[in-house]
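The values are calculated or read from the model by the stated rules, or taken from the named source; none is laboratory data. Quick caveat: nothing in here was measured; it's all calculated off a predicted structure. Ideal geometry is used to build each Cβ from the backbone, glycine not excepted, and the neighbour counts take in all protein chains shown.
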C-alpha cells in the first residue's frame, strides 16, 4: 500500500490537470503495476475541479476497469471533493 | 478594428455593444468611448484588452477619454496591460474596491498562481469563493488547452455592491470554438459549435464517449449549470455566434443537457470574433452551497451520458 498526500503537490484547490496527470503516471500507475494498493490523501484540500479529478483517475478506470476502485482509496475528502469524485466515477462507469 | 466602450454594457444589454464592434482591419485597433459615462462588464474589458494585445501597442489608437468614470479603465489595468499611456491619474483617496484587474494568463503555473493570489482580492466567504475559483480555473484552462491563443486568456472580475454580484469576463483571440469542436464533431455553424461545446460529454479532442484521459467534455456544461442554479447570466461569443443564458424566473431550477432548452437568447449574425469570449454573473444572494449544486449537476450529467449511450447502441440485424 502506498499513500500519496496531494495537498503539498496540488494545494488546497485541486485544479491543475498537469499535476493530476503527473501523479497518475508517475505514482499511481507504477504502484498498481507492482500490485500495490494506493491511497490518495485529500486532507487539507477544500475543493477540486471535475477536470482535475478526471485527469487523476478516469484513465485508471478506462484501462484497468472499474475493479481498480478496489485498489485505489480516497482518504479525508471534503464533501465537495467526494461529490466530484463520485461524478467522475459514475461517468466513467457509464462509459464502459 | 473598432471598439466603442458605451455608457452601459452588461450581460443583460450587451448585444448592442457586440453588434457595434467592427472587426474589419485586424492589424489596428481604435478605442472610443462614451463621453459622459463608461460602465462596462469585465467581459467587455477583457475583449478590449485581448484585441489590443493582438495588434500591439503601436497599432492602438485610443481617443482621449472624457467620461467621468474613465479612471475605472485605469484601475482595471487596461492601459498598463496594453502598454499605452492613458494620462489618467487615480487619487489615493478612492477605495480599493473588490476587483481582479485585467490579467493575462498564458500557462498552467500562471493560472494556479492567479487563483491563489487574486481570488482573495474579491474578499469572498469560502462558500462564495468556491464556485468563482471553479469557474475561473475551468474557463482559463479551456483557453490554454484548446484556443492556441498567442496571448493566452485575458481575465477580469469585479464585485458590484448594488446587485451583490461578481461579474467575470474572459476573452481570447485564438482559434474559436468551431475550429476546436470540428476536430472531432460536425459543426457547420459557430452556434452549432457552441451548442456542442455546452453539451455534457462532448469535447473537441475525441468523438469517443467519455472523452480522453485529459478531457471529459464537461467544463462548460458545469459552468453554465453554476450560472443557471444561481439564476444569473452566462454568455459565450465565438465566431459570429452568441449564446446567452438568461436569468431564471423564481421557482424550481431544472438543468438541461441541451443548452437550447434553457431560457436563452442566441444569434449568429454578430460581428466575427476571432476566438472566444465568456461572461458570467454570480449573484451572491443566490449562491447555493457548492456541494448541493454538484448533486444537481451529477443527476443531469449522468442521465445525459446514459441517453447518449442508448443512442449509440445498435441491435444486430437478423435477415
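Quick notes
- Within segment B:26-45, the residues that satisfy the criterion of being more than 27 Å from residue B:140 (Cα to Cα) and touching a strand residue (DSSP E or B) at 6+ places or on another chain (Cβ under 8 Å) are B:32, B:33, B:34.
- Per-region count, segment B:258-298, residues within 11 Å of another protein chain (Cβ to nearest Cβ) and either surrounded by 15 or more Cβ atoms within 10 Å (Cβ to Cβ) or free of Cβ contacts under 8 Å to residues at least 24 places away in the same chain (or both): 9
- Candidate set: segment B:221-240, residues that are more than 7 Å from chain A (Cβ to nearest Cβ) and part of a helix (DSSP H, G or I); chosen: the one nearest to residue B:137 (Cα to Cα): B:223
- When restricted to residues that are within 14 Å of another protein chain (Cβ to nearest Cβ) and in contact with a helix residue (DSSP H, G or I) (Cβ under 6 Å, 6 or more places away or on another chain), segment B:192-220 contains 11.
- The conditions of being in contact (Cβ under 8 Å) with a residue 60 or more places away in the chain and within 28 Å of residue B:54 (Cβ to Cβ) are not met by residue B:236.
- Of the strands (runs of 3 or more DSSP E) contained entirely in segment B:76-191, not one carries at least 1 residues that are exposed (fewer than 14 other Cβ atoms within 10 Å of the Cβ), within 14 Å of chain A (Cβ to nearest Cβ) and in contact with a helix residue (DSSP H, G or I) (Cβ under 8 Å, 6 or more places away or on another chain).
- Here residue B:296 meets each of (1) in contact with a strand residue (DSSP E or B) (Cβ under 8 Å, 6 or more places away or on another chain); (2) outside any loop (DSSP other than H, G, I, E, B); (3) at pLDDT below 90 with one exception, condition (1).
- Only residues that are free of Cβ contacts under 8 Å to residues at least 60 places away in the same chain and either under 12 Å from the mean Cα position of the chain (by Cα) or on the phi < 0 side of the Ramachandran plot (or both) were counted in segment B:213-233, giving 5.
- Residue that is surrounded by the fewest Cβ atoms within 10 Å (Cβ to Cβ) [pool: residues in segment A:41-53 that are in a helix (DSSP H, G or I) and modelled with pLDDT of 95 or more]: A:53
- Residues (modelled with pLDDT under 95 and not in a helix (DSSP H, G or I)) located in segment A:55-77: A:65
- Listed by first and then second residue, the pairs with beta-carbon distance under 7 Å, at least 6 apart or on different chains, first residue in segment A:73-96 and at the interface with another protein chain (Cβ under 7 Å from one of its Cβ atoms), second crowded, with 16+ Cβ neighbours inside 10 Å and part of a strand (DSSP E or B), are A:80/A:47; A:84/A:48.
- When segment A:1-40 is filtered for residues that are in a strand (DSSP E or B) and facing another protein chain (nearest Cβ under 10 Å), the ones remaining, listed by number, are A:13, A:14.
- Considering the conditions (1) within 13 Å of chain B (Cβ to nearest Cβ); (2) over 11 Å from the mean Cα position of the chain (by Cα), residue A:61 is excluded by exactly one of them, (2).
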